[in-house]
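A short reminder: the numbers here are calculations on the coordinates, not readings from a lab. Just so it is clear, the structure is predicted and the values come from calculations on it, not from any experiment. Cβ atoms come from the backbone with ideal geometry, glycine included; neighbour counts cover every protein chain shown.
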Amino acid sequence: MPPRPEALSASAIQLYLTCSLKYRFQHLDRLPRLFASANQAFGTAIHAALNWLHKERKQGRIPPLSEVLQVFEADWYAQTEIAGRVEVRFDDDGDRSLLLHKGKELLTQYYHLPAGAVRDSEFYFTLPLVNPATGEVLDVPIRGVIDLVEQDDVIVEFKAPQKAPPMSELPDNIQVTTYAYAYAKLFGKPPREIRKVSLVRTKNPKIDTQVTGRDERDFERLFHLGREVLKGIRGGVFIPNRGCWLCSDCEYDQDCREWTGNEEVNRT
């Protein structure tokens, strides 16, 4: 029988809904990752620089832009140049330097935006997932990390996509709902505002900010999604979704191609 997950997260729920077989490979079988995509490396380096900047601002220090860029470049170098790390794969030899340039340009744009007072950066949480309509509690918690919490009840989620996401996706964004749920549980009120800030690495890099909110109907839907995902995991339902957006740089591509079905689950 597949092992019972210790917790759920927004990314785990979304991954299971997008490709449940990749969820199994990553979270249950824990297959080794033979490589990382350039997209993953870029996002990690951007988040490292933003987190460092926000923690400095929380302490009342306004670091010069050059220091922020140094953090980004150091993280990028550590991922892409140091021997012994997981290989980062690039589509083209020039992508390495191009992404470094675009990352610096995007961080420069973000640095010069008006900044709110920082309450916390990379705020970790583990909480029971409760249906607000009935009080039912899921038997595993939900956990995650909010990128930025500002003093005026604003939470911010950062992304580093290749193109700006459409506004039509925002109302159903599981990550945004999860972070709003966590904020409401921890601080006794929903966030006044939720911002999804995308540092978009198009030909002309730009920052795209989308603003939304959440209420208890969204939290009720999150509970139902979590419960049904758990049912699928415990029932051994893991199906490849060949052709989905994850496939282009999936580190489990060969395992997926060799997949011949799942073992039977004993339900007695």
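Placing unit charges on each Cβ (+1 for Lys and Arg, -1 for Asp and Glu) gives the chain a dipole about its Cα centre, and among Ile174, Ile207, Gln151 the Cα reaching farthest toward its positive end belongs to Gln151. For the chain, DSSP calls about 65 percent of its internal beta bridges antiparallel.
Take the cross-link list Lys22/Lys196; Lys159/Lys203; Lys102/Lys163; Lys104/Lys196; Lys58/Lys196 and give me the ones stretching past 23 Å between alpha-carbons. From the list (Lys22/Lys196; Lys159/Lys203; Lys102/Lys163; Lys104/Lys196; Lys58/Lys196), the Cα-Cα distance tops 23 Å for Lys22/Lys196.
The overall shape of segment 17-86, judged from the alpha-carbon gyration tensor, is prolate: a/c is not under 1.5, and a/b is greater than b/c. Overall, the chain carries a charge dipole of about 320 debye about its Cα centre when +1 sits on the Cβ of Lys and Arg and -1 on the Cβ of Asp and Glu, all other atoms neutral.
Exposure proxy ranking for Trp52, Trp245, Trp259, Trp76, based on other Cβ atoms within 10 angstrom of each Cβ and starting from the fewest, stands as Trp245, Trp259, Trp52, Trp76. In a reduced charge model with +1 at each Lys and Arg Cβ and -1 at each Asp and Glu Cβ, segment 48-100 shows a dipole moment near 500 debye about its Cα centre.
Full extension of the chain between Asp253 and Leu31 yields a length gain of 78.7 nm, computed as 0.36 nm times the residue separation minus the alpha carbon distance.
Rounded to two decimals, the Cα radius of gyration of the chain over 2.2 N^0.38 Å is 1.07. In units of the compact-protein estimate 2.2 N^0.38 Å, segment 1-151 shows a Cα radius of gyration of 1.27.
For the chain, adding -39500 (n - 2.57) for each run of n ≥ 4 DSSP H residues and dividing by the number of residues yields -12500 deg cm²/dmol at 222 nm.
Amide H contacts of Ser9 (H built 1.01 Å from N, in plane; Pro and chain starts excluded): Arg143 sit under 5 Å, all sequence-distant by 5 or more or on other chains. The ranking of Asp95, Asp152 by Cβ neighbour count inside 10 Å, starting from the fewest, reads Asp152, Asp95.
Rounded, prolate or oblate: which fits segment 175-268, taking a ≥ b ≥ c as square roots of the Cα gyration tensor eigenvalues, rounded meaning a/c under 1.5, else prolate when a/b beats b/c? Oblate. Evaluate Rg over Rh across segment 79-118, taking Cα atoms for both radii and Kirkwood's formula for Rh. Result: Rg/Rh = 1.16. P(r) tail for segment 100-185: Cα pairs beyond 16 Å make up 65% of the total.
Report, in whole Å, the centroid distance computed from the Cα atoms of segment 118-181 and segment 204-268. Between the Cα centre of segment 118-181 and that of segment 204-268, the gap is 17 Å.
The ranking of His27, His54, His112 by Cβ neighbour count inside 10 Å, starting from the fewest, reads His112, His27, His54.
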